[in-house]
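Report on the following structure.
The values are calculated or read from the model by the stated rules, or taken from the named source; none is laboratory data. Predicted, not measured: the structure shown is a model, and the values here were computed from it. Note that each Cβ is placed from the backbone with ideal geometry, even for glycine, and that neighbours are counted across all protein chains shown.
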Amino acid sequence: MSNKLTTLFAQAANTDEKSLSILMKALSENDLSGFDYIQFKQSVKALAKMNMDEATAYKSAFATAATMGLTKEKLAETAGYYRNIIVKEQDNFAQALNNQLTTKVEAKKKEVEKLKYQIEKNKEQIKKLQDEIANYLDQVDATEAAIVKEDQRIVAAKEKFEKTYQAVLEAIDSDVENIKKYL
């Protein structure tokens, strides 16, 4: 079902495929039984492919859904349920991102500080320690380069996720508005 969901929300905006896949997996794993917002959205999309205008697509999909017991209230309630799943997934992503920052960036920053202290200490020692100092300097450069690379990767992942997250929320919010407007 995750692939079907991906097609429902992929057009929402320029979405990151990996982030969208994560969000759709969360929706799929928490799919409610019976006819709900997701099935309604699928029906609207199918009707829209038949060159039906948006208002008619919403009304037609709802008319069919109503025969299966779906009410406007239940539709809004299930849309809210799926929206909350997306919000929870963003919270999970933020936690994972913080963990990565802590383990991949902060730990390396501490390592850099430790190496710089060792460098200063060795500079005060006699000539034979100059080779050791050069080795530590190389480690600092490599570690700082790794910090920059990891930080850029993490920031890029966050930006992609946030963009996709916003696009999916906007799609859901737009659908809810259309439900209110057309139904």
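Taking residue 22, is it in a helix (DSSP H, G or I), at pLDDT below 90, among the aliphatic types (A, V, I, L, M) and on the phi < 0 side of the Ramachandran plot? Steps first, answer last, please.
Working: in a helix (DSSP H, G or I): yes; at pLDDT below 90: yes; among the aliphatic types (A, V, I, L, M): yes; on the phi < 0 side of the Ramachandran plot: yes.
Against the criterion (in a helix (DSSP H, G or I), at pLDDT below 90, among the aliphatic types (A, V, I, L, M) and on the phi < 0 side of the Ramachandran plot), residue 22 qualifies.
Confirm whether residue 169 is in contact (Cβ under 8 Å) with a residue 24 or more places away in the chain, closer than 30 Å to residue 53 by Cβ and either within 22 Å of the chain's Cα centre (by Cα) or in a helix (DSSP H, G or I) (or both).
yes
One residue is enough: does region 18-28 have a residue meeting the conditions β-branched (Val, Ile, Thr), within 30 Å of residue 157 (Cα to Cα) and under 13 Å from the mean Cα position of the chain (by Cα)?
Checked region 18-28: at least one residue is β-branched (Val, Ile, Thr), within 30 Å of residue 157 (Cα to Cα) and under 13 Å from the mean Cα position of the chain (by Cα).
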Task: Subset of region 81-110 that is over 30 Å from residue 141 (Cα atoms) and among the β-branched types (Val, Ile, Thr) - its residue that is farthest from the chain's Cα centre (by Cα) - done: 85
Task: Matching residues in region 114-161 - criterion: being touching a helix residue (DSSP H, G or I) at 6+ places or on another chain (Cβ under 8 Å) and either outside any helix (DSSP H, G or I) or closer than 27 Å to residue 18 by Cβ (or both) - done: 146, 147, 150, 151, 154, 157, 158, 160, 161
Open item on the list: Against the conditions (1) in a helix (DSSP H, G or I); (2) modelled with pLDDT under 90; (3) over 14 Å from residue 167 (Cα atoms), where does residue 8 fall short? Just the number, please.
Closed with: (3)
TODO: Go over the candidates 167, 156, 145, 134 one by one and state the one that is under 20 Å from residue 27 (Cα atoms) and of a type in the set (Gly, Ala, Ser).
DONE: 167
Open item on the list: Pairs please, first residue from region 89-115 and within 27 Å of residue 24 (Cβ to Cβ), second anywhere and small (Gly, Ala, Ser) and part of a helix (DSSP H, G or I), Cβ atoms under 6 Å, 6+ apart in sequence or on different chains.
Closed with: 89/26
TODO: Only one of these is buried (at least 16 other Cβ atoms within 10 Å of the Cβ), among the aliphatic types (A, V, I, L, M), at pLDDT 90 or above and closer than 30 Å to residue 138 by Cα: 70, 115, 75. Name it.
DONE: 115
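Every residue, every condition in (1) farther than 20 Å from residue 110 by Cβ; (2) touching a residue at least 40 places away in the same chain (Cβ under 8 Å), yes or no:
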position: 124; (1), (2): yes, no
position: 138; (1), (2): no, no
position: 150; (1), (2): no, yes
position: 156; (1), (2): yes, no
